[in-house]
1. Could you work out how far helix 95-107 tilts from the main Cα principal axis of the chain, as a 0 to 90 degree angle to the nearest 10?
2. Report the paramagnetic label zone for residue 44: residues of region 1-28 whose backbone N is under 20 Å from a point 7 Å from Cα along the Cα-to-Cβ axis.
3. Once label points are set 7 Å from the Cα along Cα→Cβ at both residue 256 and residue 15, what is their separation, rounded to one decimal in nm?
4. Give me the angle, in degrees from 0 to 90, between the Cα long axis of helix 22-34 and the longest principal axis of the Cα atoms of the chain, rounded to the nearest 10.
5. Relative to the first principal axis of the alpha-carbon coordinates of the chain, what is the inclination of helix 143-155, with its axis defined by its Cα atoms, in degrees from 0 to 90 and to the nearest 10?
6. Spin-label point model (7 Å from Cα, Cβ direction): what's the residue 245 to residue 37 distance in nm?
7. Between residue 5 and residue 229, what length comes free when the chain is fully extended (0.36 nm per residue of separation minus the Cα-Cα distance, one decimal in nm)?
8. Rounded if a/c is under 1.5, else prolate if a/b is larger than b/c, else oblate: which is region 76-278, with a ≥ b ≥ c the root eigenvalues of its Cα gyration tensor?
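Every read-out reported here was derived from the displayed coordinates using simple, explicitly stated rules and does not represent laboratory data. Since the structure is predicted, the reported quantities are computational estimates derived from the model, not experimental observations. Neighbour counts are summed over all protein chains in view; Cβ atoms, including those assigned to glycine, are modelled from backbone coordinates with ideal geometry.
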C-alpha cells in the first residue's frame, strides 16, 4: 500500500465512522503511524507503507472511530506553540484555554501564581516560560494529571520553579496569606446533569476534570471563598468559564474583596474568562 492509498483509505474509514474532520485527522494519523512528517508524505505519495506501520496506523484508526480522542492516541498535542505530553485520564489542552493564557500574561509580569486544576500543566508551563522570574504552584486532584504535568514541566526545564501539589480542595494547599500575585484556574465547570450529553470524545476524559457539581459552580465557590486571604493586594484572579451566563453568575457570587475587571472572549467571540483584582 502506498502513502497515497493509505491516506485515502484512512479518510474513508474516519468519514464512515463519523469523525468530524476526516481529511485532517487522516493526515495526522498517517504522519504518526508512518513516523513521517507531512512534508515527507506529500513529497513521496507513491512510497510504500511498511506492513508494520500499516498495522499500527489502522489500529489507531479503529480506536479513533470508537470515539477515543485523537490526542490520547497520539500521546502528544500542541498548546501555546509547544508540544505537550497528553495521557489518558487527563484533561486534554484546548485552544480556547490559550486565550486564558493570553489574558494571564497581560496582567502577570512575575511573582507567584497558583494554577488550580493544572491537568497537563499547560497553563503553568506557559506562564513559567514567558515569565522567567515567576514561580508557580500547579495543583490537581488527579494523580495522573500531576504525573503528566511533572513530565511536561521537566521537558521544558521548569520543575525547579514549580511546586506540584495533590489538592482535593484549595484549602489543602500550603499557600501563606498574601502570597499570591495570580490565581488562574480552568476548573471543572460542566453541570453534572449535562455530562451524559457531551460529545463521545469528551466523555473519555476524566469526570473529575469536567463535573462542576449541580450547577457547574462548585469549584468556583471553593476558590472564591479561599483566595482573597491568599492574594496580595492588587493580585489577579482569573478563571476560565463555559459561557457568558456562567461568567455573570460568578460575578454575582464573588466576594466584595474581589473587583471584577471584565469578562473576555475567545477567538470564537464566546465568553471564555473572567478576571478580578484583589482590593
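1. 40
2. So the set is 1-10, 27-28.
3. 6.3
4. 80
5. 80
6. Each label point is offset 7 Å from its Cα along the Cβ direction, giving 4.8 nm.
7. Here the segment from residue 5 to residue 229 would lengthen by 74.5 nm.
8. Judged from the Cα gyration tensor, region 76-278 comes out rounded (a/c under 1.5).
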